[in-house]
Every structure is written in structure tokens, then in C-alpha cells.
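Enquirer: The structure is given below, and queries will be raised subsequently.
The values are calculated or read from the model by the stated rules, or taken from the named source; none is laboratory data. As the structure is a prediction and not an experimental result, all values here were calculated from the model. All Cβ positions, glycine included, derive from the backbone under ideal geometry; neighbour counts span all protein chains shown. Areas reflect the complete protein model, heavy atoms only, side chains present, ligands, DNA and RNA absent. Shrake-Rupley method; radii C 1.70, N 1.55, O 1.52, S 1.80 Å.
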Amino acid sequence: MDNDLYLSSDDKSFDHVYDYYDDGYDDNDDEFIEEPDDADYVEEQDKVTEKVSSCKVITKESLMAAQKNDLQRVMDLLLVKEHYARTLLIHFRWDAYKIVDILFERGKEWLFSAAGVPMAIDNNVQSSLSVVEVTCEICYDDVPVDETTIMDCGHRFCNNCWREHFIVKINEGQSRRITCMAYKCMSICDDGSIRSLVGAQDRGLAEKFDRYLFESYIEDNKLINWCPSVPHCGNAICVEADEYCEVECACGLQFCFNCLTEAHSPCSCLMWRLWTKKSQDESETVNWLTANTKYCPKCHKPVEKNGGCNLVTCVCGQHFCWLCGGATGLIHTWSSIEGHSCGRYKEDQDKKADLARKKHFRYTHYYSRFKAHLHSSSKETELKEKVQEKVGKLESRFQKNPKDFSWVGNGIHRLMRSRRILTNSYPFAYFMFGDELLNEMTQEERQIKQNLFEDHQQQLEANLEKLSKDLEEEFSDYSDDNLCKMKMRITALSDMIDKFCRGLYEFIDNDLLGPVQAIHIIAPYTSNGAEKAATLHGEQPGK
């Protein structure tokens with residue numbers, strides 16, 4: 001490219017870049033450092049959390065337009081062709097913010113080199129060639145010039161060699177970054193040339209190439225993910241900046257944007273993955289049975305020893321030695337068992353069994369509470385339908401003098417959102433205060449923080465049960481005075497539960513995760529739950 005395409009920091013062509021990425025922020029704006037009054041604390045917190053991760057739904061119809069918008073922005077910024085803009089965006093995972101940052105920090109030459117985009121293109125190479133035939137340096141055949149293709153990097157080979165090279169790369173799944181065939185040349189080939197040469201022989205493969213380029217906008221973009229719904233709804237979700245968030249697709253599915261599983265905060269993605277595996281294969285139960293039981297040599301059922309004697313008897317009547325598992329007779333003395341001798345009893349067996357028993361009981365403690373609240377959550381889904389029927393009765397009752405019953409809907413939504421948080425707090429506690437994953441705290445410090453965490457849990461749980469009980473009441477038949485009291489009670493409980501949830505997340509962020517936040521990142525708390533993604537109608541994601 002010509003030297004005049006190098007853009008300096010004071011170039012006016014960068015004005016639109018600052019306008020786009022600035023989002024109205026002013027370093028001198030006092031609003032960003034002003035402390036809110038206590039009376040407005042909850043309101044201000046809601047405003048902050050709502051801005052944490054704005055997200056949008058990209059439908060199949062708007063996906064192509066959104067991709068073209070990103071390409072056009074980079075083309076306008078760097079004054080490059082479309083396939084180079086795509087190469088840059090794919091290399092930097094469609095993060096236009098990162099491209100701008102690198103452009104200012106390291107310069108255009110480093111930016112282009114990292115992505116495999118040539119800095120200088122001689123547009124006169126093709127036309128200035130005077131010979132009729134050239135030798136292809138891949139197959140070493142002499143071919144007419146019009147049967148060769150030269151890429152922007154300056155390397156020319158025959159069309160047959162280019163075509164075979166492209167076909168192999170596409171079939172290997174490397175459509176997004178097909179490099180030049182020349183030795184040590186990392187320049188990305190022009191997708192127009194690829195499409196033309198491959199399409200001349202295999203139209204279906206050319207369409208496959210285009211589909212790969214199109215899908216890279218989702219699969220290579222860390223801020224866009226397909227909705228994991230089954231069957232797939234066909235939507236993708238775009239977030240503005242933070243991929244560690246929980247979102248709700250237009251199809252109604254709520255999920256973690258980072259790991260594409262169900263919403264699981266306050267657990268980190270790693271915690272949730274380990275907990276899911278543990279609960280599925282019941283590995284703790286298996287470990288305890290292995291360490292604390294022996295299999296009967298006759299019926300092969302697990303047997304637990306409940307006394308000190310090493311001669312045990314299975315329910316099937318078979319006698320066997322606890323030390324080695326071998327079948328024996330019934331008669332035994334202090335030093336021997338009839339028909340059997342396998343040495344002395346090993347003391348570490350009891351220690352091993354005791355440790356396995358403690359681990360199993362600890363896991364059972366958290367798992368049983370997790371399952372109990374999960375069951376309550378499913379019942380509260382049914383409760384939601386009953387509550388809607390009660391609201392319908394109230395609306396019919398006050399048809400002549402309509403009243404606002406949104407407090408009922410707010411209450412049931414608060415109950416369901418907070419129940420999920422309480423449910424997932426048990427897997428979090430299992431890993432946070434155990435040795436399976438984290439051991440950053442001393443035993444004394446761990447105990448103190450565990451007690452504080454459990455206090456938060458108990459406060460949240462107690463108020464959740466009160467709210468659940470109130471919503472189960474047949475308040476549609478209450479008198480006006482009692483209905484007013486119920487409204488005040490449900491509203492107060494909803495606000496209190498919101499406060500306890502926020503306090504739980506703040507305690508986790510500030511007092512528990514601390515030094516391991518880089519590993520265990522949790523989705524931020526939002527008062528309204530997983531953010532509902534707005535539908536994108538062809539405009540730029542994030543705008």
C-alpha cells in the first residue's frame with residue numbers, strides 16, 4: 001500500500017473511531033466518581049447492574065447484515081479490501097475494539113503482520129508481465145500467463161495448483177485462513193480468487209467455503225454465541241463487552257454466555273462443570289464404597305464392617321476375611337480364622353475409610369440441599385401458573401375499579417430467580433470451602449468465612465420460604481384490607497430478598513474469591529435476573 005495510507009494519531013479519519021468506541025464517556029465527568037446517597041443506593045445499584053452486559057439477539061436474517069457492518073467499519077478504518085478486513089477480524093476473533101487498540105499501541109505494520117495481511121501490494125504486477133508463459137514453481141510446468149493467478153503477496157502459481165491447494169484446505173476445515181503456497185509465506189489468500197477457482201470445479205465446495213466464512217462471525221467471535229437451545233432456535237446472542245454473564249434468548253432459554261450451560265451463578269464455569277460431572281457419575285459414592293466396603297466373594301454385594309472383628313458375615317450367609325476378602329469358615333480365635341491366614345490387620349485401613357466417609361458425608365450434605373432447592377424450584381414453576389390464575393381473579397374482581405397487581409408477578413419472579421441463586425450457592429460452597437479445588441485459605445480463615453457465608457445463605461433461605469408461603473396463600477379471596485397487607489408483605493419480602501442476594505454476591509466477590517478471581521469468574525448479580533436479549537434488526541451489534 002502507499003505510504004499515505006499510514007494513519008497518524010492526529011488524522012481526522014480517526015474521529016469517527018473515537019466517536020463509536022467512546023460511548024459518551026468523559027474522563028472529566030464527575031458523574032462517574034460521585035458516590036450515590038444511601039436513600040438512592042438500591043436504585044443506583046440497579047442502574048449499574050443493568051449496564052453490566054447489554055446483549056442482543058442476532059437472528060438468521062440479521063446475521064449477514066451485522067457481519068457486513070463489522071467488515072465495513074474495519075475497511076473504512078484501515079482502508080483495506082473486504083477479504084483483508086475479514087482476515088484481521090478473524091485473527092482477532094472479530095474484536096474490532098482490540099484491532100483499534102493494537103493499531104494505536106503497536107502500529108499498522110505489526111497489526112497486519114500478526115494477521116498475515118501484506119503491507120504493500122503491487123497492483124501492476126499482473127499487467128506489467130510481458131512473457132506469454134511462466135513456469136509454475138509448484139508443479140514446474142510451463143503454463144500460459146492467463147492460466148495463472150497472482151496473490152496480493154506477489155506469488156504466482158498455475159490455477160490447477162492453486163485450486164488443489166484450496167480444495168485440500170477447505171476439506172481440512174481451514175477455510176478461514178488459507179495461506180499462500182509459497183515457502184514461509186503466511187499471507188492470506190484472496191477469498192474472491194478462492195471462490196472463483198474452486199467454484200469452477202466444485203460449486204458445492206465453493207458454497208461450503210462461503211458458509212465457513214459466514215459462520216466464523218459466530219464461532220470465532222468471543223462476544224457472540226449460538227443459543228444452546230435444543231432443538232436449536234436459530235438465534236445467536238451478542239454481548240457488548242463481558243462474556244461472563246447470564247443471558248436470556250428470545251426463545252426463553254436462560255444460559256451462561258461463557259460456557260453455554262444453564263445459568264449457574266454464583267458458581268464459576270469451572271465449579272459448575274466439576275459439580276455437574278460429580279453429580280452425574282456419583283463419584284463420591286463410588287469412592288466411599290471402595291474405601292469402606294468389601295464385596296462378598298459369594299453374592300458380590302458390598303458389605304460394610306460395623307465392628308472390630310475382621311471376620312464378617314454377608315446377608316447371604318457367607319463368611320469372609322475383611323483384610324483380603326477371601327472366603328473363610330465361621331470358627332475363629334484371637335489370632336486366627338478357621339481355614340484362613342492373611343497376616344495382621346493394617347491400621348491405615350481405618351484412617352482411609354474414615355477420610356472417605358467424611359468426604360462422602362460432606363458431599364451428601366451439599367448435594368441433598370442442592371436437590372431439595374432444585375425440587376422447590378420446579379414446584380415454584382407450577383406455582384407461577386397458580387399465581388397467574390389468582391391475578392386473573394383479582395382483575396375480574398376489581399374490573400370496575402382497576403388496580404395494579406404487578407407486585408404479585410414481581411414477587412413470583414423474585415422467588416424463582418433467587419431460588420436458583422440459593423440452589424447454586426451449595427455447589428459453590430462445596431468447592432469454595434473444601435480441598436477439591438481451592439486451598440488458598442488457612443483452616444481458621446476458611447472456617448470464619450464459611451460461617452459468614454452460611455449466615456448469608458440462611459438469611460436468604462428464611463426469607464425465600466416466607467415469600468413462597470405467602471404466594472401460596474389464596475389472597476384472591478382476601479378482603480381489601482388483608483389484600484393491602486399482603487401486598488405490603490410480598491413487596492417488602494421481595495425487596496429484602498433482592499438485598500440479601502446482592503449482599504451474597506458482594507461477599508463472594510470481595511471476601512471469598514479475591515486472589516482466584518482470574519480463574520473463577522462469576523456472572524455479576526442483576527436484580528432482574530438473566531438479561532433478556534433484544535432483537536437486532538440488521539444494525540451493528542453493541543449499538
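Enquirer: Give me the residue from region 214-229 that is among the hydrophobic types (A, V, I, L, M, F, W, C) and at pLDDT 85 or above and, out of that set, most open to solvent (accessible area, probe 1.4 Å).
Expert: The residue in question is W226.
Enquirer: Given the options I237, I218, name the one that is touching a residue at least 60 places away in the same chain (Cβ under 8 Å) and in a strand (DSSP E or B).
Expert: Selected residue: I237, the only one of I237, I218 that is touching a residue at least 60 places away in the same chain (Cβ under 8 Å) and in a strand (DSSP E or B).
Enquirer: May I ask you to list the residues in region 191-213 that are at pLDDT 90 or above and in contact with a Gly (Cβ under 9 Å, 6 or more places away or on another chain)?
Expert: L205, A206, E207, F209
Residues are listed down the side, and each one gets a yes or a no for (1) open to solvent by 60 Å² or more (accessible area, probe 1.4 Å); (2) more than 30 Å from Q517 (Cα to Cα):
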| position | (1), (2) |
| --- | --- |
| K400 | yes, yes |
| L422 | no, no |
| Y426 | no, no |
| T442 | yes, no |
| E465 | yes, yes |
| E474 | yes, yes |
| K487 | yes, yes |
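Enquirer: Within region 489-527, track down each residue that is among the aliphatic types (A, V, I, L, M) and closer than 20 Å to Y430 by Cα.
Expert: L504, I508, L512, L513, V516, A518, I519, I521, I522, A523 - these are the residues of region 489-527 that are among the aliphatic types (A, V, I, L, M) and closer than 20 Å to Y430 by Cα.
Enquirer: Does E436 count as out of contact with any helix residue (DSSP H, G or I) (no Cβ under 7 Å at 6 or more places or on another chain), within 27 Å of I519 (Cα to Cα) and either open to solvent by 50 Å² or more (accessible area, probe 1.4 Å) or not in a helix (DSSP H, G or I) (or both)?
Expert: Yes; evaluated as a whole, the condition is true for this residue.
Enquirer: Taking only region 164-178 into account, find how many residues are under 19 Å from D220 (Cα atoms) and open to solvent by less than 30 Å² (accessible area, probe 1.4 Å).
Expert: Of the residues in region 164-178, 3 are under 19 Å from D220 (Cα atoms) and open to solvent by less than 30 Å² (accessible area, probe 1.4 Å).
Enquirer: Further question on the same structure: Filter the helices (runs of 4 or more DSSP H) completely within region 22-113 down to those with at least 3 residues that are open to solvent by 20 Å² or more (accessible area, probe 1.4 Å) and at pLDDT 70 or above.
Expert: Those helices (runs of 4 or more DSSP H) span 60-78, 82-91, 96-105.
Enquirer: Is there a residue being touching a residue at least 60 places away in the same chain (Cβ under 8 Å), open to solvent by 10 Å² or more (accessible area, probe 1.4 Å) and outside any loop (DSSP other than H, G, I, E, B) anywhere in region 197-206?
Expert: no
Enquirer: Name the pairs: first residue in region 360-378 and modelled with pLDDT of 90 or more, second residue open to solvent by 70 Å² or more (accessible area, probe 1.4 Å) and part of a helix (DSSP H, G or I), Cβ to Cβ under 9 Å, at least 6 apart or on different chains?
Expert: Taking only residues 6 or more apart or on different chains, the pairs are S376/E465.
Enquirer: Confirm whether P266 is open to solvent by 60 Å² or more (accessible area, probe 1.4 Å), modelled with pLDDT of 80 or more and in a loop (DSSP other than H, G, I, E, B).
Expert: Against the criterion (open to solvent by 60 Å² or more (accessible area, probe 1.4 Å), modelled with pLDDT of 80 or more and in a loop (DSSP other than H, G, I, E, B)), P266 does not qualify.
Enquirer: Let me ask you something else. Kindly evaluate V134 against the criterion of being open to solvent by 70 Å² or more (accessible area, probe 1.4 Å) and either part of a strand (DSSP E or B) or of a type in the set (V, I, T) (or both).
Expert: When the stated conditions are applied, V134 does not pass them.
Enquirer: So, N287, is that one in a loop (DSSP other than H, G, I, E, B), modelled with pLDDT under 85, more than 28 Å from R502 (Cα to Cα) and open to solvent by 70 Å² or more (accessible area, probe 1.4 Å) or not?
Expert: Judged against the criteria, N287 is not a match.
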